[in-house]
Amino acid sequence: MTLPGKYYVRLLVLLLTAAVFISACSSAKSPSPEDEDLDNLPEFTLEELAEYDGKDGRKAYVAVDGIVYDVTDSRPWKNGEHNGFTAGRDLTEEIKNVSPHGVSKLRNVPAVGKIKE
Ligand code: HEM
């Protein structure tokens, strides 16, 4: 069975519209590199966090507002030390009330976990 040419054109337009629609929907759902998906990050107790003190080749993690950040590769956090503070701890109060920069500097370091409630 053959159809008149205009039906093929309509079918093609319909298929193209559907393809554009589907690809727009799926791209809206795919995560952007900026938003760290906190739901999928591992949980740490404060005891576990204490092991990440940046000493003897261990990684250096700090917690702020329930999020664990990796400061291992951060220059001002060499060996897990930074202006008198040591990694492996919750430093929420300190970063907010003692540091001159506040939480804005956390944008420079990756979030790697969250604190177990
Ligand atoms: C007396 C207290 C503190 C002072 C004077 C201080 C000072 C500074 C300065 C000057 C920088 C920029 C260094 C650079 O870019 O070379 C910095 C970065 C940073 N600070 Fe502090 N800080 C203090 C406390 C804290 C605390 C308690 C935290 C807790 C998490 C913290 C977390 C950070 C982070 C994550 C960075 C960014 C590191 C990077 O860019 O790699 N700081 N701090």
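Readers should treat all values here as calculations from the given coordinates under stated rules, not as data from a laboratory. Everything numeric in this text was worked out from a predicted model, so none of it was measured. Here Cβ is always computed from backbone atoms with ideal geometry, including for glycine, and neighbour counts include all displayed protein chains.
What are the chymotrypsin sites (Phe, Trp or Tyr not before Pro) within the stretch 53-90 that DSSP puts in a loop, where the Cβ has at most 10 other Cβ atoms within 10 Å? Spell out each step's value before the answer.
Details: sites: Tyr61, Tyr69, Trp77, Phe85; in loops: none.
Within the stretch 53-90, no chymotrypsin sites (Phe, Trp or Tyr not before Pro) qualify (loop, at most 10 other Cβ atoms within 10 Å).
At a Förster distance of 35 Å, what's the computed FRET efficiency of Glu81 paired with Asp37, Cβ-Cβ distance as r, to 0.05?
Values: r = 30 Å, r/R0 = 0.86.
Rounded to the nearest 0.05, the efficiency is 0.70.
Please sort by residue number the GluC sites (Glu not before Pro) in the stretch 41-73 whose DSSP state is loop and whose Cβ has at most 12 other Cβ atoms within 10 Å.
Numbers: sites: Glu43, Glu47, Glu48, Glu51; in loops: Glu51.
Passing sites in the stretch 41-73 are Glu51.
In nm, what is the difference between 0.36 nm times the number of residues separating Asp73 and Ala50 and their Cα-Cα distance? Don't skip to the answer; put the middle values down first.
Values: separation 23, 0.36 × 23 = 8.28 nm, distance 1.77 nm.
Working it through step by step, the gained length comes to 6.5 nm.
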